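I have placed the structure first, in the form of structure tokens, so that the comments after it can refer back to it.
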């Protein structure tokens, strides 16, 4: 079986790629590296700056022979090239003609998800936070569904693909509503062999090291602006107990190194679960805060081990939930081990890769 994964969001496809390889699947990973993150890939689809205004760069055209003859192709989202919608649209048609099956991973702010969220039917969404609706990024997202090329691509790809695989409850609910017969939910994958347990939290640490990674232009979208304010308040209130590390849009390899010296990572808000950054941190034994309510645990079938701190709440309540860590320093090592166990049990890349194969082989 030959598989092509094309496009990248925060190492989602990279970790799935690693899991598939462990299972002996012939798999190729093609992407632009997800902007500044520069996530590893075998085929580089990053477009040179000087050709940014063209529908296709010469690099994309030359890559086409390498992207044909696969049993399964999976694109990361409708606009999987992270370029102009017309480029992804044309490229999708080429991929569909040159390969057997093509699937779409529902993982980003695309037409059907935005439209469904704006209808008010989701429990969590960035569009429900009144305080940030004037943010340029949020305003642009709401306007995009009226953009013809964005809308056409967002309708075309899920309609013409053979299946849709959603990576969280929110995406699953939105796409299941439009495509009930071909939408599946599979948790995010993380290579628990590559990301080993390294936590230095120990028993009753004198200071707890909190880590927050910011993404330029996406702070409002992820809620990291609010988390940042809460963490600064926490540090000011407990200067002898709290250490705070904040990074902004650093490359993936550097980001991983910085995470290693931390104890607690705060991930994202307005979501039904945590993202790839949170999973990587958990695999390393960090305690993670983010979106993690009852529905998230039910979706993955976890009934006993629930180590994620749910931060989908008010700023005051968010701070109180993080303060619990300061009151229970003697339990943090066990909490750290449970964090790692949660990822191994529910998100291990080999286990998740098997779930993808089950869907692809239907």
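Computed from the coordinates by the stated procedures, all read-outs in this text should not be read as laboratory data. The structure presented is a predicted model; accordingly, all values stated were derived computationally and were not measured. Because the Cβ atoms are built from the backbone with ideal geometry, glycine has one as well, and the counts that use them run over all protein chains shown.
With the crude spin-label approximation of a point 7 Å out along Cα→Cβ, what separation in nm comes out for residue 345 versus residue 121?
Output for this residue pair reads 3.3 nm.
Taking R0 as 56 Å, what's the FRET efficiency between residue 1 and residue 334 from their Cβ-Cβ distance, rounded to 0.05?
Once rounded, the FRET efficiency stands at 0.85.
Give the span of the chain's Cα atoms along each principal axis, as three whole-Å numbers ordered largest to smallest.
Answer, in whole Å and largest first: 60, 47, 42 Å.
Above 12 Å lies some portion of the pair distances; for segment 156-211, what is it as a whole percent of all C-alpha pairs?
74
Once you compute Rg and the Kirkwood Rh from C-alpha atoms, what is the Rg to Rh ratio for segment 166-279?
Radius of gyration over Kirkwood radius for segment 166-279 works out to 1.04.
Could you work out how far helix 349-360 tilts from the main Cα principal axis of the chain, as a 0 to 90 degree angle to the nearest 10?
30
Taking Cα atoms, how many degrees apart are the long axis of helix 148-160 and the longest axis of the chain, rounded to 10 and kept between 0 and 90?
For 148-160 against the chain, the angle is about 80 degrees.
Just the Cα atoms of segment 104-234, one point each, no solvent: what log10 I(q)/I(0) does Debye give at q = 0.12, 0.14, 0.17, 0.20 Å⁻¹?
Scattering profile of segment 104-234, log10 relative to I(0): -0.63, -0.81, -1.03, -1.21.
For the chain, what does the helix formula give at 222 nm: sum of -39500 (n - 2.57) over DSSP H segments with n ≥ 4, over the residue count, nearest 500 deg cm²/dmol?
That comes out to -12500 deg cm²/dmol.
Please determine, in degrees from 0 to 90 and to the nearest 10, the orientation of helix 332-346 with respect to the longest principal axis defined by the Cα atoms of the chain, where the helix direction is its Cα long axis.
Helix 332-346 sits roughly 20 degrees off the main axis of the chain.
Tell me, what is the percent relative contact order of segment 208-346, built from C-alpha pairs under 8 Å that lie six or more residues apart?
24
Points 7 angstrom from Cα along the Cβ direction at residue 240 and residue 128: gap in nanometres?
Placing both labels 7 Å along Cα→Cβ, they lie 4.1 nm apart.
Distance between Cα centroids, segment 174-196 to segment 252-317: provide it in whole Å.
Taking the Cα centre of segment 252-317 as reference, the centre of segment 174-196 is 17 Å away.
Got a sec? Which residues in segment 250-276 would a label at residue 36 touch, if it sits 7 Å along Cα→Cβ and we count backbone N under 14 Å?
250-256
For segment 271-362, what is the per residue volume of the convex hull drawn over the alpha-carbon atoms, in cubic angstrom? Could you put the intermediate results ahead of the total?
Numbers: hull volume 9.3 nm³, N = 92.
In segment 271-362, the Cα hull volume divided by residue count equals 101 Å³.
Give me Rg/Rg_expected for segment 208-346, where Rg uses Cα atoms only and Rg_expected = 2.2 N^0.38 Å with N residues.
Dividing the Cα radius of gyration by 2.2 N^0.38 Å gives 0.97.
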